[in-house]
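Q: Below are the structure tokens for one structure; questions will follow.
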Amino acid sequence: MRLKRLHCVLLVFASAALVHGNEVEDYRIAIRTALDEWRRASHNVQLDCVTELYNVEYDQEVTQRKIVDLATYDCKLLRIDNSYRSTIAWTINNSGPPRLLQTVQCHRNAKAGVVRLHSTDTQTPGEQFGVIRLEEDGFTKVNRANFWFDGSYLGAEEFFVTYLLSQLDRAKIEVRDGGMVLVTDISERSGVTCECKWVLSEQWGFLPSKFLRHLSKDQEAFFHDRTLEVNEMIRVDEVWFPKKFTEWEYNNTSAKAGYVNMYDSTVSNVEFGSLKQQDLELVFPRGTIVHDQIIGAWRGLPIGMKALD
């Protein structure tokens, strides 16, 4: 399968006849109602997500020909609204036998606006490091399940459902038989054009089954593309959730170099409504070296170890 297939699907939608205006508005209301209900139903969720990261070949278009198997991210996500605890075990696969490199835990308290991180590294056994900060950590993005919710560590357009809801009132909607819907939004900020397309299925409660985000600049070679394709959905307690999904991400530089990042993710053990706030809390184990970036202080430094700026 080539990524070009997804672009063909979008082109088929684009060439489809539009339904009458009133019916389009009915679909707009139905999509918002269904996704708002999905967000309420999934606001308290725990799940496991395993992602394989590959480089695949780019040859005028994205292919499935693997260049290198880079890493495996074995993740667990506990989430209540916009607060979460994410655990990531990072295994590298491109330098000999697979080897666990690092385990990272990240707790975000959305109400307090505080993020706590804890990491252990197999290259420095016995050492544990912690950080307290205000900003979300970009490493959180390797837990790909998070993109079905919300976050501030990347642009708003990276989050499939929340960005769709934010743009739905102004977006163009096209409908085909069978309840398949194409939603298109084009916006511009700071000289960058952002074009997003979502393919939605009424069968799956209007959750995105395909997504394409294209960033570009006028009169420049710059572009940055990200594509999602959901391969399988599961239903837990009457709530749909993606079970298997693939993402491709590349820009003008990586395309010229002949490669694309491909993320293959599998979600399991999805459970709704059972978490309490204390389940999300992250307490630094004894012996952790902690850098509190909010107040500019260190604690737990061994005697003689110099604090890093």
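Q: May I have the count of lysine pairs in the chain with C-alpha atoms under 15 Å apart, counting pairs 8 or more residues apart or located on different chains?
A: The number of close lysine pairs in the chain is 9.
Q: Let me check the size of the chain from its C-alpha atoms; what are the radius of gyration and Dmax in Å?
A: 21.0, 74
Q: What list do you get for Leu282, Leu134, Leu100 if you sort them by fewest beta carbons within 10 Å? Mind showing how you got there, number by number?
A: Numbers: Leu282 19, Leu134 10, Leu100 14.
Exposure proxy ranking, most exposed first: Leu134, Leu100, Leu282.
Q: If I take R0 = 25 Å and measure r between the Cβ atoms of Glu23 and Asn231 in this structure, what FRET efficiency does the formula 1/(1 + (r/R0)^6) give, to the nearest 0.05?
A: On the way: r = 30 Å, r/R0 = 1.19.
E(calc), rounded to 0.05, equals 0.25.
Q: Separate question: With a 10 Å Cβ neighbour count serving as the proxy for reagent exposure, in which order, fewest first, do Tyr27, Tyr153 appear?
A: Details: Tyr27 20, Tyr153 16.
Fewest-to-most Cβ neighbours within 10 Å comes out as Tyr153, Tyr27.
No value in this document is a laboratory result; all are computed from the given coordinates. Since the model is a prediction, treat every value here as computed from it, not as a measurement. All Cβ positions, glycine included, derive from the backbone under ideal geometry; neighbour counts span all protein chains shown.
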